[in-house]
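Accompanying notes for the structure given below.
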Amino acid sequence: MSFDFSAPTCRLNSYSTQWDYVSDRFGAADLLPFTISDMDFAAAPCITAALQKRLDHGIFGYSRWNHDDFKQAICHWFRSEYNANLDPENLVYGPSVIYIVAKLIQLWSAPDDGVLFFDPAYDAFRPLIESANRQALASPLTYVENGENSGYQVDWQHFTTQAEDPRCKVLLLCNPHNPTGKVWSREELKKIAEIAKRNQLKVISDDIHMDICFTPYNPWVEVACDDQWAIVSSASKSFNIPALTGAYAAIACEETKQAYLNILKQTEGLSSPAILGVIATMAAYREGAPWLHALKEYLHGNLQWVTERLNQEFPQLNLHVPQGTYLAWLDLTPLNIDMDKLQHALIHQQKIAIMRGDCYGPLGINHLRLNVGCQREKVERGVEGLIKAIHSLN
């Protein structure tokens, strides 16, 4: 079975956040967007077929997620793709990954407690923590140049000191890491797990980008030292279905699982899922592997092209292809350019929208996050526009 990811698509006038509402963030309309992390590809055919079958049924009453079809589809995916075993009894539903993460933070900490995370970080993490009256404790990742093994590494001494702080109660992990594209090795995760257990930290692993890894993805269940953890994920990023809503979590601690379900149903009345999201997830995890594997190859090609083209034009950048995600994390520090002026040139001269790195914390200064989840032709237009914008400042 073959899939053509180069086929043109149009998302304009479809209420697309990335396309139709680009002016909300960039102050101008009619920009070519490389922004929030969804893709410009149509969903896998197995998903659209399953949705069409349900649409033809024509009845959309209240539904359930707590059944074997949904939970076993998730377990099948982890087992077949990653040789990892999840206990179906640990699985829960949520309307989104961020919703589940927020509720777990509330359950596992108290106001003024600390939540530890690696920086730079997905831009929703800090406000999520601080709006819950918790302390956001950022642990810096450092980029180490080592040829093909170049990448972001943990400052273990600093991280350990932060974990030992009695205020620190929760570690919020992102695997693979957004925005850097780091995929955590098993050895790194084991070391993190040991530090977490030693300091009685609860671990929440946001693995929503897990299926877009170009080196082996290791789920937390494979390294956990206790039951004080949760893996939170969704088919939404991998299969480009976030608008259908829906996520899930494996919560190892039974007491925490029941407390979460009580909030979901009794407190917030969200236990009846969006049925199309449930159906899409089951179809993706049962039948979508061939499509996903082809998608990953295409995305990796996009990332390689971006890296090679920018290194060709600006050899001093020495960029490397990220280990995971479809987000190119571009460090422009060696160019010594004014990032405010670059954004102005991108928006007003090149008509291109690319996320500023400082959205992801102070370690993102002088960076851009470029979404390559789109046709190669669009990627080429965006990168050539970026090159022109950089040259215009010199």
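The values are calculated or read from the model by the stated rules, or taken from the named source; none is laboratory data. Computed from a predicted structure; not experimentally measured. Every residue, glycine as well, gets a Cβ built from its backbone with ideal geometry; the counts of neighbours run over all protein chains shown. Protein only, heavy atoms only, side chains kept; ligands, DNA and RNA dropped before computing areas. Shrake-Rupley method; radii C 1.70, N 1.55, O 1.52, S 1.80 Å.
Each residue in the stretch 1-26 was checked for being out of contact with any Phe, Trp or Tyr (no Cβ under 9 Å at 6 or more places or on another chain) and surrounded by 12 or more Cβ atoms within 10 Å (Cβ to Cβ), and 8 of them qualify.
Checking each residue in the stretch 273-288 for being assigned to a helix (DSSP H, G or I), of a type outside the set (Phe, Trp, Tyr) and open to solvent by less than 20 Å² (accessible area, probe 1.4 Å) picks out GLY277, VAL278, ALA280, THR281, ALA283, ALA284. Applying the selection to the stretch 110-136, what residues are crowded, with 21+ Cβ neighbours inside 10 Å and either within 20 Å of the chain's Cα centre (by Cα) or over 18 Å from CYS174 (Cβ atoms) (or both)? VAL115, LEU116, PHE117, PHE118, PRO120, ALA121, TYR122, PHE125, ILE129 - these are the residues of the stretch 110-136 that are crowded, with 21+ Cβ neighbours inside 10 Å and either within 20 Å of the chain's Cα centre (by Cα) or over 18 Å from CYS174 (Cβ atoms) (or both).
With respect to the conditions (1) over 21 Å from ALA224 (Cα atoms); (2) touching a strand residue (DSSP E or B) at 6+ places or on another chain (Cβ under 8 Å); (3) touching a residue at least 24 places away in the same chain (Cβ under 8 Å), ASP123 falls short on a single one, namely (2).
Screening PRO242, PRO219, PRO179 for residues that are modelled with pLDDT of 95 or more, more than 27 Å from GLY357 (Cβ to Cβ) and within 19 Å of the chain's Cα centre (by Cα) leaves exactly one candidate, PRO219. The set of residues in the stretch 227-237 being surrounded by fewer than 24 Cβ atoms within 10 Å (Cβ to Cβ) and either under 15 Å from the mean Cα position of the chain (by Cα) or within 15 Å of ILE275 (Cβ to Cβ) (or both) consists of SER236, LYS237.
Reported count of residues in the stretch 298-342, each being over 26 Å from ALA7 (Cα atoms) and hydroxyl-bearing (Ser, Thr, Tyr), is 1.
Sub-6 Å Cβ pairs linking a first residue in the stretch 373-394 that is over 9 Å from ASN302 (Cβ atoms) to a second residue that is assigned to a helix (DSSP H, G or I) and charged (D, E, K, R), at least 6 apart or interchain, are VAL383/ARG309; ILE387/GLU313; LEU393/LYS341, ordered by first then second residue. For the stretch 331-368, residues that are open to solvent by 10 Å² or more (accessible area, probe 1.4 Å) and assigned to a strand (DSSP E or B) total 3.
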